[in-house]
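Take a look at the structure below.
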């Protein structure tokens with residue numbers, strides 16, 4: 001069973017629908033006992049960094065995630081969920097993140113492109129990265145204005161370019177994040193979810 005972490009923000013229903021399409025049972029929950037019984041954790045998210053962290057703290061989900069990660073349980077952050085894995089976020093002021101992936105979430109540089117970055121874009125995965133096996137063509141759906149700038153480039157497992165290069169996906173052990181929405185990215189996105197669920 002997969003636990004979709006409920007902190008009152010994000011695309012919970014669409015993630016659950018995608019998992020059901022893949023034949024996997026999931027539950028949207030903030031209950032520590034249910035989360036402890038799950039095999040995999042997904043942290044979805046749409047919204048602002050500070051609001052997301054406030055909601056997570058209020059529900060005690062930061063401690064629950066830390067406990068489950070320490071047991072070796074796989075965690076996938078999606079969109080804002082990926083950003084919240086960082087040490088800090090600069091959206092609407094400086095806020096502490098979960099600190100699972102060292103780095104800072106910064107606003108995309110506008111340049112000649114429109115912010116927010118909305119729509120389909122090419123992603124370049126690191127060769128052999130398990131999360132992206134069989135995902136070709138690597139085109140995914142994005143909706144964001146900020147991106148995680150990892151302190152250690154070794155944590156970046158896929159990149160995208162939108163006015164500037166940024167991390168489209170990160171991974172540190174069994175802690176993973178994708179800036180795009182796999183649940184909205186058709187066959188390639190479903191394959192990313194399937195690959196995540198194959199990690200034990």
Could you check the stretch 117-128 and list, in sequence order, the residues that are outside any strand (DSSP E or B) and surrounded by 13 or more Cβ atoms within 10 Å (Cβ to Cβ)? 126
Being within 15 Å of residue 77 (Cβ to Cβ) and part of a loop (DSSP other than H, G, I, E, B) is the filter here; which residues of the stretch 2-30 pass it? 6, 7, 9, 10, 11
Flagged in the stretch 31-47 as modelled with pLDDT of 95 or more, under 15 Å from residue 98 (Cβ atoms) and part of a loop (DSSP other than H, G, I, E, B), in numbering order, are 44
Residue list for the stretch 16-52, restricted to those being buried (at least 16 other Cβ atoms within 10 Å of the Cβ), over 17 Å from the mean Cα position of the chain (by Cα) and touching a residue at least 60 places away in the same chain (Cβ under 8 Å): 24
Check 119, 99 and return the single one that is more than 22 Å from residue 11 (Cβ to Cβ) and in contact with a strand residue (DSSP E or B) (Cβ under 7 Å, 6 or more places away or on another chain). 99
Determine if the stretch 57-73 includes at least one residue that is touching a helix residue (DSSP H, G or I) at 6+ places or on another chain (Cβ under 8 Å), surrounded by fewer than 21 Cβ atoms within 10 Å (Cβ to Cβ), in contact (Cβ under 8 Å) with a residue 24 or more places away in the chain and assigned to a loop (DSSP other than H, G, I, E, B). yes
Among the residues of the stretch 171-190, the number that are surrounded by 20 or more Cβ atoms within 10 Å (Cβ to Cβ) and assigned to a helix (DSSP H, G or I) is 3
Positions within the stretch 134-145 being part of a loop (DSSP other than H, G, I, E, B), touching a helix residue (DSSP H, G or I) at 6+ places or on another chain (Cβ under 9 Å) and at negative phi, in sequence order: 135, 136, 137, 138
Given the criteria more than 23 Å from residue 167 (Cα to Cα) and touching a helix residue (DSSP H, G or I) at 6+ places or on another chain (Cβ under 6 Å), does residue 18 qualify? yes
Filter the stretch 163-193 for residues that are over 18 Å from residue 126 (Cα atoms) and modelled with pLDDT of 95 or more and give the result. 181, 183, 184, 185, 186, 187, 190
Over the stretch 89-103, the set of residues under 14 Å from residue 146 (Cα atoms) and surrounded by fewer than 17 Cβ atoms within 10 Å (Cβ to Cβ) is 90, 92, 93, 94
Which is within 15 Å of the chain's Cα centre (by Cα), assigned to a helix (DSSP H, G or I) and either at pLDDT 95 or above or closer than 28 Å to residue 200 by Cα (or both), of 148, 98, 131, 76? 131
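The values are calculated or read from the model by the stated rules, or taken from the named source; none is laboratory data. Given the structure is predicted, the values throughout are model-derived calculations rather than measurements. Glycine also receives a Cβ, built like all others from the backbone with ideal geometry; neighbour counts cover every protein chain displayed.
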